[in-house]
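S.K.: Before I ask anything, let me first share the structure, which is written out below as structure tokens.
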Amino acid sequence: MLYLFYFFAAISVIAALVVVSARSPINSAIALVVCFLSIAGHYILLNAQFLAMVHVIVYTGAILILMLFVIMLLNMNMMIEVQKPAITKILAVITGGLFFLVLLAATKQGLSTPVPATFDPGVGLVKSIGIALFRDYLLPFELSSVLFLSATAGAIMLAKKDNSPNVNRPPSSEPNGNAA
Amino acid sequence: MEHVMTAIRVVPLDSYLVLSFLLFSIGMVGALVRRNVIIVIMCLELMLNSVNLLLVAFSAYHSDPGAQIMVFFIMLVAAAEVTVGLSILVLMKRNTDSVDMNILNRLKW
Amino acid sequence: MEVLALILIPFLAGLLLLIARPAAMARGIALVSTLLSLAVVFWLWYTWTGVAVTGISHDWVPAWGMRFVLGYGGIGLLMLILTGVLFPFIIGTGYKQPVGDPVLVNALLLFCQSALFGVFLAQNAFLFYIFFELTLLPIFFLLLKWGGEHKRAITVRFFLYTLLGGLALLFSIAYVTLQTPLPHSADFSVLAALHLPMHVQMWLFWTMFLAFAIKMPIFPFHSWQPETYTMAPTQGTMVLSAVMGKMGLYGIVVFLFAIVPEGAQYWSSWVIGLSLFGALYAAVIAFRQNDFKRMVAYSSMSHFGLMCAALFTWNAYGISGTMYQTFAHGVLMVCLFYIVGAVSQRTGSNDFASMGGLKTKMPRFALLFMFVVGNAIALPLTQSFPGEWLMYNGLWQWNNWTAFAGVLLIVLGAIYMLYAYQRVMLGPDRNIAVTDADDEEHTFLVPLILIFMLVGLFPNVILHLVDGPVQHLLNSFTSLP
Amino acid sequence: MVKLDLLAILVPALPLLGVFITGFGRRKLSAYAAGGIATAMVALSFIASLILFLGHDGQTHIVHLFSWIHVGAMDIPFAFQIDALSLWMMLVVTGIGTLIHLYSIGYMHDDPRVATFFAQLNLFSFSMLLLVMGANFLVTFIGWEGVGMCSYLLIGFWYTTPAFNYAGRKAFVMNRIGDVGMLLAMALMFYQFGTLNYVDVMQQGGLMASGNPLIVTATLLLFLGATGKSAQLPLLTWLPDAMAGPTPVSALIHAATMVTAGVFLVVRSSVLYELAPYTQDIVLWVGVATALFGATVGLFQNDIKKVLAYSTVSQLGYMFAALGTGDYGNGMFHVTTHAFFKALLFLAAGSVIHALGGEQDIRKMGGLKGVTKTTYVTFLIATLAICGIPPLSGFFSKDGILASTFAANPVAYAVLVFAAMLTAFYMFRLLFLTFFGTYRGTAHPHESPKVMTVPLVVLAILSAIGGLLNIPHIFGGHSWLNTFLASAADGIGMHPLELSAGTEWTLMAISTALVLLTIWYAWSLFCKKTTLDGEPADMPFLKRLIAKRWMLDELYAWLFEKPFGWISKHFFSIGEEKIAVPLTAGTGKATLGFGEWLRKVQTGNSSFYLFAMMVGVVVLLILTYFSA
């Protein structure tokens, strides 16, 4: 069991590193898929079966595919990404490492928090999640559908080709461009 | 069921903490060093997921479905966010022929 | 309830003006509102029993010790009287010397009055601070819109400068509030009971004093004052010098002496030195000014220097004299700036060069002006004299030589005021086309002259207000370990 | 008591009423109506004073009106003190005042602002009465400042002439310099005694040891106030300039009453002065020096009023010399006789000026004794009186002063006798040049109307017989005034010093002989052949120096006015323009600059924002978890 955790953990960390460091966006996307799948593995280890399924469907199935579509649509692999200066990268890595250390140190007391004795392993099952979702969290759930609708509408509005004259203007030409 | 319980508790909660911190930090460093907007969006997703993982771990250890519901909603929001984010990206590419983060500093005007 | 009415009457009247925009009746409404406030103030005075009154006390932001406490003691009441008495005149100035849109000007003045009442009623340090800074806003717009030359630069400068002092005050308030026992409270009563250690008082004194010193202003912090007074429209200058400057003196008594008494005592020689030097400095400079308004501005600064010096002498005469003088000086400044406005309105300029020999054409006005000059040079039986006499006594009891320096001011004051009178009124008729004081100007100046003559004859009406609180302040200080 | 209170209030209140009537009615009242009302008010005030005087029982009465300034332990009442000293001064002020008001009706009737003039004159009377009646230093100070203000107003009465305005300002400012001393003295006495009531201060002060530094300081400061008001060295240059005012003003304010306020103040505080021998010496020598100064400068003046002004300065010096020797009685006596004859001299001079249509230069007069008979006779009496010719009033008062000075300090005596000779010289020079010889002017002289000559005659009679008030023992008198005043001032110093009869006779003989000798010399110089002085520029050095007032004005200009102007200029050009204004502007600039710098942080680069946020989180977490 423990080994399984370490296995998934190693995969997710390595995949995450690849996401960050890969030259090509396609490679990043593929690595992200791997990372998300390994996280789904963690969910299963934690007996959160419902979430594991949703995770695979939403992230790997929808979001990542969408990203891949966009990457291909915009033909991003052909583009050469401008690299940030080395000093920025080093600084970023140092800050990130520091952040990690600080988080660890900050939760030092939290690490020793006793885990409650009563334990219900079935909390992550579809049944219990479903009960909680449709009884206690019904309103947020319904509202989220509105959110989705608006997000969809917004995405369509943004991405559709607009023929009004002020759209194709370069943003830098007019400081107060949005005033029109 | 007893088996599942011990199985879950074999891995200490601390390990999940460390793992999600690590993932979060990697995501953040990625968001800092990359200039390609889509990669930055990916890194954001990565950070979201690290938090999700932590929430699920705590939920499992504390037998509280609330945290998992929250993860569920986070996924919903993340999906919506990615949708809008990517359409902005498309628009940006169309208008400026670039997906460079630094282009966006023109927004400060 | 009356205390809330004081803040609300001008505020609501101002709102009414802004909403209804009755261009023709704007001044009338404003005047009625200020007279109503004055009636409330007189009611408070009439019912005054010598005991501090707390009108309203509500929790506001308890975690920070912010509470909505309104009340007044003798000194606060004096300040309310000052504000109440002077504002009808300040509004009335607009009848004869209008600036711009009457609706907006009067609304701003009323908002200012509301905030000023708030300052003098607030019994909580944060509340005080909020009102303290709120007074700035209407004045800021008044100056920015209807100021004279370079109004933008000077207004912004003035605003930033005073705000800077205010920030230091805010910091001090936050600091002392955190020193109070739990639950924190910034009420004056709680803060006054605080015995801060000496080293804290030493620096805390300056962070607080800075705000008040800039407001008055006191010598090294005064540089915003002459140009702002000169540039501002007459009504703005009146508010600034006659009432807003007094917030500084009031703040010193309420804050510094209550919270950092030992610090104040430790630094008193410095403050007295600075103030007195500033007073002499301003008086000497005033003599040389060619601009009438600027000369009066420097004379105001000179008076403030003396008042501040006397305040820090830590004896009954100095403090009572200063408190009394706040009222006298307010009345005087309204008179003087009104005269400056009236004269320069006729000659078209503030410059002495455009005046001279006016007495032949305007003998009635010259007589009124002479009365005001008499008050300005502190002739006995005018209002300024008892105050100055008490302040000199305070200074004498503190140190003989400071009294000497202070008394020199009566010579310098006579020099520059009489010189100014001569340059405006006396000399051969230069055939400048001016008219004599009309009925409106008489209605304005004669009541003020009556006020300052009567108070000069019976100064005890004012002095009895401050006598008790000052004794209390001194007693509480001497009883400290 | 009620009657006394009422009368005591009426005495100053009547002139004040006059101020209101003439002031408010200044547009409607005719010149005679205004003058009549003003004169009537002062006359009524005189009658009230007279009733008080006649009913005086030798006690000190305090008329307490109300508590004026009450703070903490300070309670200063608005109260009047009715005792011999104040009664005597009230009589002098209102008596002379009535005559001069009456005279002014004639003198000023052509002036368009005559009602204003009378209002101011009445205001002066009111202030002067407050000054002498005050029961404490502060009430006296009200009058003290009030007379100063009236003096300012009346000197600059003809305000269209800038020189007159300047003279008024100069008078007020120099008085104010003296007031510095007065205010400080009051602060000191209040600090020491806790009260300013004369009765209490004198009682407590009298208990202190002689030469106590506190008393010395207080008396010196009071004396500074007195020098300002009474034009003693070094604060005397304003008085000659004050002659710019109308002549009745010069007579009332700058000769008879206001300038003697300093003498009054010293006598009022005589208890303190008696305890400060050091101050007394200073008073004596200042008085002697001023007497000499005034007498010398008077020698070569050509303006009729200027001569009289310097004469006033000189005579005031005599009074202070008397006070310096502790002979307060003769000091006050000289105040009285001087009020008679100097008011007369001024009024007569005014009559001459009136007769000549405004001419004041004695070089353009002469031969007027035929035309203006009354004026001439009265002027002659006054001149004889001021020179100390027996038995006129000046003889008794001046001789009393000379005798006590001789007893105190023979050197001072010698100087004063010399000054008396000079006085005789310049007074007779004035008399001869004005009334004798041939007329040298162009206007047509005429005698003044009755309303002006009647006061002259009354004053002439007083000048002649005023000596009767205080006839010393050697003439078989009882020094009535001294005895009377002694009841007020605790008797200290009110009795003349005891000299042997022989010495007194000798002194009188010496001074009278010397004065007569001088008069003969003046006669030979100005009456026999009419010697006229030219402009100061043509004179030999010493004479020029004296004629130009020993360059005192120039010295003050160099010593005070110039440095003041310099300081004023540089305070402004350096302190304000170079330091203070840039400081404020600097605040604005610093804010702008800081903003300019800070806005660079807003790069618009989201990575940078993220970075900054992360750093912030790290710092916050470190602060939270590692500080506690």
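Bear in mind these aren't lab numbers, they're just calculated from the coordinates by the rules spelled out. Computed from a predicted structure; not experimentally measured. Glycine gets a Cβ as well: all are built from the backbone with ideal geometry, and neighbour counts include every protein chain shown.
S.K.: By how many nm would the segment from residue D:548 to residue D:380 lengthen if fully extended, with 0.36 nm per residue of separation less the alpha-carbon distance? Walk me through the intermediate numbers first.
M.R.: Details: separation 168, 0.36 × 168 = 60.48 nm, distance 2.74 nm.
Extra length available between residue D:548 and residue D:380 comes to 57.7 nm.
S.K.: Go from 0 up to the bin containing the longest alpha carbon distance in region C:267-481, width 5 Å each, and give me the % of pairs per bin.
M.R.: 1, 8, 15, 18, 18, 15, 10, 7, 5, 2, 1, 0, 0, 0
S.K.: Also: So how many Å³ per residue does the convex hull of the Cα atoms of the protein assembly as shown work out to?
M.R.: Cα convex hull per residue, to the nearest whole number: 221 Å³.
S.K.: Starting from the 7 Å offset along Cα-to-Cβ, what nm value, one decimal, do you get for the label separation of residue D:446 and residue D:541?
M.R.: Distance between the two pseudo-spin positions: 5.1 nm.
S.K.: Once amide H atoms are placed 1.01 Å from N in the peptide plane, what residues at a sequence separation of 5 or more from residue C:68, or on another chain, have their amide H within under 5 Å of its amide H?
M.R.: Amide H neighbours of residue C:68: C:58, C:59, C:60.
S.K.: Would you list, by chain and number, the aspartates and glutamates whose Cα falls below 15 Å from the Cα of residue C:246, excluding same-chain residues fewer than 8 positions away?
M.R.: Output for residue C:246: C:133.
S.K.: Suppose R0 equals 45 Å; then what is the FRET efficiency for residue D:592 and residue C:439 from their Cβ-Cβ distance, rounded to the nearest 0.05?
M.R.: Working from the Cβ atoms, E equals 0.40.
S.K.: If one takes the longest principal axis of the Cα atoms in chain C, at what angle in degrees, from 0 to 90 and to the nearest 10, does the Cα axis of helix C:292-311 lie?
M.R.: Once rounded, the angle reads 30 degrees.
S.K.: Also, quick follow-up: State the extension gain, in nm to one decimal, for the chain segment bounded by residue C:475 and residue C:134, taking 0.36 nm per residue of separation less the distance between their alpha-carbons.
M.R.: 119.4 nm
S.K.: Something else now. Within region C:392-422, which residues have the backbone N less than 20 Å from the label spot 7 Å out from residue D:161 along Cα→beta-carbon, could you tell me?
M.R.: C:419, C:422
S.K.: Taking H as built 1.01 Å from N, whose amide H comes closer than 5 Å to the amide H of residue C:187, not counting residues under 5 places away?
M.R.: Answer set, sorted by chain and number: C:125.
S.K.: What is the distance in Å between the Cα centroid of region C:64-141 and that of region D:34-110?
M.R.: With region C:64-141 and region D:34-110 each reduced to a Cα centre, they are spaced 47 Å.
S.K.: Please rank C:47, D:372, C:180, C:83, fewest neighbouring Cβ atoms within 10 Å first, as an exposure proxy.
M.R.: Details: C:47 9, D:372 24, C:180 16, C:83 29.
Ranked by crowding around the Cβ, least crowded first: C:47, C:180, D:372, C:83.
S.K.: Could you state, as a whole-number percent, how many of the C-alpha pairs of region B:2-100 are farther apart than 23 Å?
M.R.: More than 23 Å apart: 40 percent of the Cα pairs in region B:2-100.
S.K.: May I ask you to derive the FRET efficiency for residue A:53 and residue A:18 from their Cβ-Cβ distance with R0 = 30 Å, giving the value to the nearest 0.05?
M.R.: Working from the Cβ atoms, E equals 0.75.
S.K.: Sort D:548, D:306, D:28 so the one with the fewest other Cβ atoms within 10 Å of its own Cβ comes first.
M.R.: Final ranking by Cβ density, sparse to dense: D:28, D:548, D:306.
S.K.: If you don't mind, there's one more thing I want to ask. Limiting things to C-alpha atoms, what are the Rg and the maximum Cα-Cα separation (Dmax) for region C:1-260, in angstroms?
M.R.: Radius of gyration, then largest Cα-Cα span, for region C:1-260: 18.2, 58 Å.
S.K.: Kirkwood Rh, region D:99-243, all Cα pairs: how many Å? Let's see the in-between values first.
M.R.: Working: mean 1/r = 0.0601 Å⁻¹.
It is 16.6 Å.
S.K.: Okay, next question. Kindly express, to the nearest 10 degrees and within the range 0 to 90, the angle between helix C:439-457's C-alpha long axis and the longest C-alpha principal axis of chain C.
M.R.: 50 degrees
S.K.: Distance between Cα centroids, region C:231-289 to region D:324-394: provide it in whole Å.
M.R.: Taking the Cα centre of region D:324-394 as reference, the centre of region C:231-289 is 54 Å away.
S.K.: Further question on the same structure: State, as an integer percentage, the relative contact order of chain C based on alpha-carbon contacts under 8 Å between residues 6 or more apart.
M.R.: Averaging sequence separation for qualifying contacts and normalising by length gives 15 percent for chain C.
S.K.: Pop a pseudo-label 7 angstrom from the Cα along the beta-carbon direction at both residue D:475 and residue C:198 and give the gap in nm to one decimal.
M.R.: Using points 7 Å along Cα→Cβ, the separation is 7.3 nm.
S.K.: Further question: Per-residue ellipticity at 222 nm for the protein assembly as shown, helices alone: DSSP H runs ≥ 4 residues times -39500 (n - 2.57), over residue total, nearest 500 deg cm²/dmol?
M.R.: Value at 222 nm, helices only, nearest 500: -23500 deg cm²/dmol.
S.K.: On a 32 Å Cα-Cα criterion, which of the cross-link pairs C:151/D:562; D:306/D:369; D:3/D:28; C:293/C:361 come out too long?
M.R.: The pairs that break the limit, which is 32 Å between Cα atoms, are C:151/D:562; D:3/D:28.
S.K.: State, to one decimal in nm, how far the label point of residue A:75 lies from the label point of residue C:19, with both points 7 Å from Cα in the Cβ direction.
M.R.: Inter-label distance under the simple model: 6.4 nm.
S.K.: First measure r as the distance between the Cβ atoms of residue D:501 and residue D:411, then evaluate 1/(1 + (r/R0)^6) with R0 = 22 Å and state the FRET efficiency to the nearest 0.05. Show your work: numbers first, answer last.
M.R.: Working: r = 24 Å, r/R0 = 1.07.
In this case the efficiency is close to 0.40.
S.K.: What list of ³J(HN,Hα) couplings, whole Hz, do you get for region B:90-104 from phi and the Karplus terms 6.51, -1.76, 1.60, once you set θ to phi - 60° and write x for glycine and proline?
M.R.: 4, 4, 4, 4, 5, 7, 10, 6, 7, 10, 7, 3, 5, 4, 5
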